[in-house]
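The values are calculated or read from the model by the stated rules, or taken from the named source; none is laboratory data. Everything numeric in this text was worked out from a predicted model, so none of it was measured. Cβ coordinates were reconstructed from backbone atoms using ideal geometry, including for glycine residues, and neighbour counts include every protein chain displayed. These accessible areas exclude ligands, DNA and RNA; they are computed on the full protein's heavy atoms, side chains included. Shrake-Rupley method; radii C 1.70, N 1.55, O 1.52, S 1.80 Å.
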Amino acid sequence: MTARIKIPPGWDKVALSDVLDQRSELIQPEGNGDTRFVGLEHIGSGEPALYSWASDTDVKSTKFRFYEGDLLYGKLRPYLDKAVESSFEGICSTDILTLVPKIERESTKYLLYTIHSRPFIQYAISHTSGTNHPRTSWKAISRYEFPLPPKKERQKIGAILSAVDVVIQKSKVATKATEYLKQGVMRELLMKGIGHTEFKEDKMSRRLPKSWCPKTIADLFEIKTGTTPPTKASKYWKDGTIQWYTPADLSNVGEKVLLPESGKKITAEACKETNVNLVPPDTIILSTRAPVGTIGITKKEATFNQGCKGLIPHNGVGTNVRFYYYYLQFKKSDLVNRSSGSTFKELSKDQLESYIVPLPASSEQKSIATILSTIDRKLDLQRQRTAALDRLKQGLMNDLLTGKRRVVA
């Protein structure tokens, strides 16, 4: 049973089984491509509606049948918060519970948002079995208890939260469109430059503007390797103030060019007494192990571990750090393919130093970097807007689903 819950005046306390039934209709797919198939990969975390699916062409094993208006709940790894209302009929993975509302269709949204609420997610997580692939079950979640408002109020709550989700989805679509725009602009600018009419092929068979000189990374940058100070020596870590980046830090940067604070910091003693490399501001930090190719630029002096390399621009060569940040980001797949190793891929110092990159005129580098930075700023603002809308939605869910804030029915 769930923990004690406070029931607002006029509301009822119900279990999920009071308002939902499990549909357990199994079906063997015909595989003719006429039926829509929904797997866990098609359900977005925290999203209330289905935006993607596949056909049953390559689906072989027995699946669950679902119908329009059913709720589809991902029982595998419930912390991923996967639950949607279906707007069509089809078949789904057996790791998805098919749930049928027992109350009026207009209240389905209220039930869906209850399943997306934090208390329900925590309840589902606490009622899982399995270590590597934790799953909950209908038997477990059907006992979840929650407050249910009168018909008109629950319908209005569902409509309010659904309206917020529509805005969130539009924000996500706009962000995705800008991501596609960025990829197209990067391809155009980093392969054709600005205003060029004559082109040539470099040693890697890449078609580039004729005036762009081929250089190795070593021609343009001094490469520094990383290390980890002894972790048991507290004097190297306690109250540390110097940034110490890892591939995990770089993976969390997103579209921000300049690196934020690192997850861990080291002390000045660590810099003096160990072989860490302290690099200056405007150094490119590139992850070269698990994974290869995530990247950022330092805002101030920093160090990094052995999963990264630091690229410090040589003086007098005319390298724009932001241009090469974008160029290496664009060529991530090349860097991965250049890497070696059986357990995990790693890009060695020699492999990085010998990697060939173009050297456009300094003014053109700056113009290209400025254009791409402008797109990145737009992306960052769009993501901030989506995050703010998500926070608004979570606050409304907390207030409306518990009756802390009442709506006029």
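Observations on the structure shown:
- Pick from the range 26-60, criterion within 34 Å of the chain's Cα centre (by Cα) and of a type in the set (D, E), ranking: least open to solvent (accessible area, probe 1.4 Å): D56
- Of the candidates V407, V357, the single residue that is among the β-branched types (V, I, T), touching a strand residue (DSSP E or B) at 6+ places or on another chain (Cβ under 7 Å) and either surrounded by 16 or more Cβ atoms within 10 Å (Cβ to Cβ) or touching a residue at least 12 places away in the same chain (Cβ under 8 Å) (or both) is V357.
- Hits in the range 61-76 (condition: surrounded by 20 or more Cβ atoms within 10 Å (Cβ to Cβ) and assigned to a loop (DSSP other than H, G, I, E, B)): D70, K75
- Residues in the range 176-221 that are aromatic (F, W, Y) and surrounded by fewer than 16 Cβ atoms within 10 Å (Cβ to Cβ): Y180, F199.
- Listing of helices (runs of 4 or more DSSP H) fully contained in the range 77-170 that carry 2 or more residues being among the aromatic types (F, W, Y): 108-116, 118-126
- Residue pairs whose Cβ atoms lie under 9 Å apart, separated by 6 or more positions or on different chains, with the first residue in the range 369-384 and more than 20 Å from N320 (Cβ to Cβ) and open to solvent by 10 Å² or more (accessible area, probe 1.4 Å) and the second charged (D, E, K, R) and in a helix (DSSP H, G or I), are K378/K182; Q382/K172.
- Among residues of the range 131-153, those that are of a type outside the set (D, E, K, R) and within 18 Å of V14 (Cα to Cα), counted: 10
- If you go through the range 77-86 and pick out every residue that is out of contact with any Cys (no Cβ under 9 Å at 6 or more places or on another chain), at pLDDT 95 or above and over 17 Å from L16 (Cα atoms), you end up with 0.
- Filter pass, L208 being part of a helix (DSSP H, G or I) and either of a type in the set (V, I, T) or touching a residue at least 24 places away in the same chain (Cβ under 8 Å) (or both): no
- Matching entry among K170, K152, K200, K156 (being charged (D, E, K, R) and over 30 Å from Y110 (Cβ atoms)): K200
- The condition (being surrounded by fewer than 18 Cβ atoms within 10 Å (Cβ to Cβ), among the polar types (S, T, N, Q) and either touching a Ser or Thr at 6+ places or on another chain (Cβ under 8 Å) or closer than 30 Å to A177 by Cβ (or both)) is satisfied by just one residue among S339, S333: S333.
- A248 assigned to a helix (DSSP H, G or I), open to solvent by 30 Å² or more (accessible area, probe 1.4 Å), in contact with a Leu (Cβ under 9 Å, 6 or more places away or on another chain) and of a type outside the set (D, E, K, R): no
- Residues satisfying the stated conditions in the range 263-291, i.e. touching a Pro at 6+ places or on another chain (Cβ under 9 Å), open to solvent by 10 Å² or more (accessible area, probe 1.4 Å), outside any loop (DSSP other than H, G, I, E, B) and of a type in the set (A, V, I, L, M, F, W, C): C271
- Among the residues of the range 383-404, not a single one is over 30 Å from Q122 (Cα atoms), out of contact with any strand residue (DSSP E or B) (no Cβ under 6 Å at 6 or more places or on another chain) and among the acidic types (D, E).
- In the range 129-152, the residues that are among the acidic types (D, E) form Cβ pairs under 7 Å with partners that are surrounded by fewer than 18 Cβ atoms within 10 Å (Cβ to Cβ) and not in a strand (DSSP E or B), at six or more places apart or across chains, as follows: E145/M1; E145/T2; E145/I5.
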